[in-house]
1. Report, by residue number, each residue of segment 139-183 that is touching a helix residue (DSSP H, G or I) at 6+ places or on another chain (Cβ under 9 Å) and of a type in the set (Gly, Ala, Ser).
2. Can we say residue 210 is open to solvent by less than 20 Å² (accessible area, probe 1.4 Å), under 21 Å from residue 165 (Cα atoms) and part of a helix (DSSP H, G or I)?
3. Looking at the structure I just gave you, is residue 93 within 30 Å of residue 279 (Cβ to Cβ), within 13 Å of the ligand (Cβ to nearest atom) and surrounded by fewer than 20 Cβ atoms within 10 Å (Cβ to Cβ)?
4. Can you tell me which residue among 291, 261, 253 is surrounded by 20 or more Cβ atoms within 10 Å (Cβ to Cβ), at positive phi and at pLDDT 95 or above?
5. Does residue 116 meet the test of being away from the ligand (no atom under 16 Å from the Cβ) and surrounded by fewer than 24 Cβ atoms within 10 Å (Cβ to Cβ)?
6. For residue 125, which of the numbered conditions (1) assigned to a helix (DSSP H, G or I); (2) of a type in the set (A, V, I, L, M, F, W, C); (3) touching a Phe, Trp or Tyr at 6+ places or on another chain (Cβ under 8 Å) fails to hold?
7. Step by step: first the residues of segment 165-180, then only those that are open to solvent by 70 Å² or more (accessible area, probe 1.4 Å) and in contact (Cβ under 8 Å) with a residue 40 or more places away in the chain, then the one that is farthest from residue 32 (Cα to Cα). Which residue is that?
8. For segment 123-140, check the following and say yes or no: at least one residue is in contact with a Leu (Cβ under 8 Å, 6 or more places away or on another chain), open to solvent by less than 20 Å² (accessible area, probe 1.4 Å), in contact (Cβ under 8 Å) with a residue 60 or more places away in the chain and within 16 Å of the ligand (Cβ to nearest atom).
Amino acid sequence: MKNDLNEVTVYAPATVANIVCGFDVLGFALSNPCDKLTIRISRTPGVRITNLDSFGLPVEPEQNVIGASLLAMLSETQGHIGFDVDSTKAIKPGSGIGSSAASASGAVVGANSLLGDRFNRQDLIRFAMCGEQVASGVKHADNIAPCIYGGITLIRSSQPVDIVPLDFPPLFVTVIHPQIEVRTSDAREILRTRVLLKDAVRQWGNIAGLVAGFMKGDYNLISRSLEDVIVEPTRSILIPAFSRIKQESMNAGAMGGGISGSGPSIFMFSKEESTAIKVEKAVASVYTEIGLPFHTYVTTISKEGVQIR
Ligand code: HSE
């Protein structure tokens, strides 16, 4: 809600990074959940953050995703101004559905609107990546870009920022979030830094196939391109019953899927909503059986990024 020229409220969507084979270069926005941020512009320089949720995130601006993103923006802004931010997160930190990106993207989009849209989207991604660096130690844009643009985005390059929004056919998304925390920094730490050429060839074939499948609306091509031979084999050990969840999803009719971002959430694409609901039931029964608490979402790809309401 836009109350007056000094205050703005934004809603920033959850996102799924990587989309299985596209580590750090592909991502999409989810229709829910969304974080809410209210931002006020102030004559007092700096950033002040109030958390209106129970996640206990740090409020020191340099250690906070919102703070780091807005400080990066303020460093390129003339004049004595600052921001006060009230943050209400619905996206649990460490869930693998772009919690830090929602905070960073919501903050920079809201603040930019209070500045009369002084910065373009590439700038906003640059600022928000400073927030991602606080969260994961790395300036990756594959959650931020879809959070700001909406839809599915290809990050052809993050430095310099080069984002390509992709067309896509109707898709339903089932997300299952086992209630464990996987820190992105830890999930990156365990990755191999060298890959075999034969694996790289298979992976870029899949990435190209997935992009072509989205653009052409070719469900079969999307389905067979959802394969990751580089990152998933290592990271899946962090996620309880990962192979079973995947197998049960496919048995229930999913097109494919895998780890959402760095996990622990897992996402699956389905062509029909009824299938996505069957997939939800199938994966829920796996975690119920092993006694692991979880949350699920059945949702769609959001065509909208951060919304100012
Ligand atoms: N591309 C990042 C990773 C996304 O997989 O580490 C983190 O959400």
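1. Those that are touching a helix residue (DSSP H, G or I) at 6+ places or on another chain (Cβ under 9 Å) and of a type in the set (Gly, Ala, Ser): 141, 145, 158.
2. On the way: open to solvent by less than 20 Å² (accessible area, probe 1.4 Å): yes; under 21 Å from residue 165 (Cα atoms): yes; part of a helix (DSSP H, G or I): yes.
Answer is yes for this residue.
3. yes
4. Sole residue among the options that is surrounded by 20 or more Cβ atoms within 10 Å (Cβ to Cβ), at positive phi and at pLDDT 95 or above: 261.
5. Yes: the conditions hold for residue 116.
6. Evaluating residue 125 over (1) assigned to a helix (DSSP H, G or I); (2) of a type in the set (A, V, I, L, M, F, W, C); (3) touching a Phe, Trp or Tyr at 6+ places or on another chain (Cβ under 8 Å) leaves (3) as the failure.
7. First, the residues of segment 165-180 that are open to solvent by 70 Å² or more (accessible area, probe 1.4 Å): 165, 167, 170.
Next, only the ones that are in contact (Cβ under 8 Å) with a residue 40 or more places away in the chain stay: 167, 170.
Values: 167: 20, 170: 16 Å.
Restricting to residues being open to solvent by 70 Å² or more (accessible area, probe 1.4 Å) and in contact (Cβ under 8 Å) with a residue 40 or more places away in the chain, the top hit is 167.
8. no
The values are calculated or read from the model by the stated rules, or taken from the named source; none is laboratory data. Treat the numbers as computed from the prediction; the structure is a model and nothing was measured. FYI the Cβ positions are ideal-geometry reconstructions off the backbone, even for glycines, and counts take in every protein chain you see. These area figures cover heavy atoms from the full protein model, side chains too; ligands, DNA and RNA do not enter into them. Shrake-Rupley method; radii C 1.70, N 1.55, O 1.52, S 1.80 Å.
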